[in-house]
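Notes to accompany the following structure.
The numbers here are math on the coordinates, done by the rules we state, and not lab data. A quick note: this is a predicted structure, and the numbers were derived from the prediction, not measured. With ideal geometry, Cβ positions are generated from the backbone for all residues, glycine too; neighbour counts draw on all protein chains shown.
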Amino acid sequence: VPLAAAVSDQTAAVLLEPVQGESGIHPLGGDVLHAAREACDRHGALLIFDEIQCGMGRTGDMWAWQGFGVRPDVMTTAKGLGGGLPIGACVTSPEQADVLQPGDHGSTFAGGPVIAAAANAVLGVVDDPAFLASVRENGTRLLEGIRGLGLEARGRGLMLAFRTDDGPALARRLLREHRLVVNATGPDTIRLLPPLTVTAREIDDALSRLSAALG
């Protein structure tokens, strides 16, 4: 069913992940996100983006939606926001900001003072044009390096994946024999989510280990 046809006046909201992470790094594409925005505007539904994995600079933009030029009404974020400490946040546009009032909603990972201070520190580092440019540059280096090994790679920034015949077996071999941590998100997919602070030298070292594992 086309996305536009799936949204009606009975639709409360459309929830999308701009770059699908757990399924193996699949960017939805600007055409899909624009179609969702138009359908939601037409029927008065909210457009919600899950940026928990693809946000916080991971794709080379502060938020993944910025790279597609489609602004949501609501955005969720977590994980990278806390820099290793547990936090989750729901961010709304000004038009939706009064939907939840103090006391309406509680959360296990709500922003206590220590966690909120950590999140502010992380935002101060990541939300910087030079830092985000380095993510894009290193992401391109890694993506091109993977393709240079003859692999079918995809993704944005430092949120990448490549296709392989046996993902779990390759992930085990990389860890046990080459000390390289990767994640098999399916039988034929290896996902790569290096730290945003990764260096060009570390990327080249990882590519060398991957090449050795591939034989």
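Treat each spin label as a single point 7 Å out from the Cα along the C-beta direction, and report the Ala110 to Leu151 distance in nm.
Using points 7 Å along Cα→Cβ, the separation is 4.3 nm.
How tilted is helix 200-214 with respect to the longest principal axis of the chain? Cα atoms for both, answer in degrees (0 to 90, nearest 10).
The angle comes out at about 60 degrees.
By the scheme Lys and Arg +1, Asp and Glu -1, what is the net charge of all other residues having a beta-carbon under 14 Å from that of Asp41?
-1
Going by the alpha-carbon gyration tensor, a ≥ b ≥ c the square roots of its eigenvalues, is region 1-69 rounded (a/c under 1.5) or, if a/c is not under 1.5, prolate (a/b greater than b/c) versus oblate?
Taking the square roots of the gyration eigenvalues as a ≥ b ≥ c, region 1-69 is prolate.
Compute a Gaussian network model of the chain, connecting alpha carbons closer than 10 Å, and tell me which residue from Cys90, Cys54, Cys40 fluctuates the most.
Most flexible of the set in this elastic network: Cys90.
Taking only DSSP H segments of four or more residues, each worth -39500 (n - 2.57), what value at 222 nm results for the chain once the sum is divided by all its residues, to the nearest 500 deg cm²/dmol?
After summing the helix terms and dividing by the residues of the chain, the value is -12000 deg cm²/dmol.
Quick one: Cα centre-to-centre distance for region 1-23 and region 94-157, in angstrom?
22
If the elastic network links every pair of Cα atoms under 10 Å, which of Asp127, Asp73, Asp98 fluctuates the most in the Gaussian network model of the chain?
It is Asp98.
Of Ser107, Ser93, Ser134, which has the largest mean-square fluctuation in a 10 Å C-alpha GNM of the chain?
Of Ser107, Ser93, Ser134, the most mobile in the Gaussian network model is Ser107.
Report, in degrees rounded to the nearest 10, the 0 to 90 angle that the Cα long axis of helix 167-178 makes with the longest principal axis of the chain.
Once rounded, one gets 60 degrees.
Rounded to the nearest 5, what is the percent of antiparallel bridges among the DSSP beta bridges in region 44-166?
Expressed as a percentage, antiparallel bridges in region 44-166 total about 75.
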